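Structure first, then comments.
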């Protein structure tokens, strides 16, 4: 167990159900720690319990059982105001009739902070997120990315022990999402913030996290570093969920190799001999000329995306989606291709 002094958030066998004792548990005996000054992402498909878990941290929901600690203090029975926690919502939740300055200073104002101190701290928070000089603008006069930064500044200004993000980038376009996730990560590291972050986007989780907790049906399926989750999944569910992997029946051999259809590979982390599942991500496939030792198939679709091609190849193992960096070959729909595998992007899990 992480020492209390180093723990930002700790869950001890926390459960949550809505309704009476006959209602199903939506969070089922969850235990984890978020080290102080680190960023942990709760990741999983819709309905897995990740947002409920975040709301339990915030005090917006009360647990049905178990204990919740923040900075070593038992906050299980405390409301949101008494937890020193700030939350950035998916919708930003800015007050449309208030200026940027008033939005950022709102939490300080309702807490009784002196007006002069509110202005000083709000301006400092806006400077931290790169919005100096926009004090008097209304939210409607800002871009989506700027509104997101105002929401972050409003959360930071009260100097919380824990900062929570609930799907913060889902309303932004792809380029702005990438930029904002980099800014959130840089801000968290620069200020040493303890952050719990909810998303359903695997790439986003891999990019920002010190720790990822994958949830499935209210339970923790696996927790670990981004590298652990991507390269060493401990179950078929995690292997299939991380990185848009496709699952294939496989056979693991005593010599450390694994057979997938006609292919024989040596994964970085072999499993004991026997039946297995191979989780193969689109970037692991290599497309080339058909051969006796390749998985041969017909090119059904292709798309040129500048830095890579996306191919769909119909094979005896089914339709396979391939992300190929090879821009030199000019394949045509209907061509026969031979697929082979690199070691990166392939995870093997025993069954």
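The values are calculated or read from the model by the stated rules, or taken from the named source; none is laboratory data. Small disclaimer: the values here were computed from a predicted structure and weren't measured. Using ideal geometry, Cβ is built from the backbone for each residue, glycine included, and neighbour counts are taken over all protein chains shown.
Just a few scattered comments:
- Single match in 14, 85, 75 (criterion: crowded, with 17+ Cβ neighbours inside 10 Å, at pLDDT 90 or above and closer than 30 Å to residue 119 by Cα): 85
- Any hit, the range 167-181, residues being closer than 24 Å to residue 68 by Cα and touching a helix residue (DSSP H, G or I) at 6+ places or on another chain (Cβ under 7 Å): yes
- Pair list, Cβ under 6 Å, 6 or more apart: the range 117-146 residue free of Cβ contacts under 8 Å to residues at least 60 places away in the same chain, other residue surrounded by fewer than 15 Cβ atoms within 10 Å (Cβ to Cβ) and not in a helix (DSSP H, G or I): 126/132; 139/96
- In the range 66-99, the residues that are part of a strand (DSSP E or B) and more than 26 Å from the chain's Cα centre (by Cα): 73, 74
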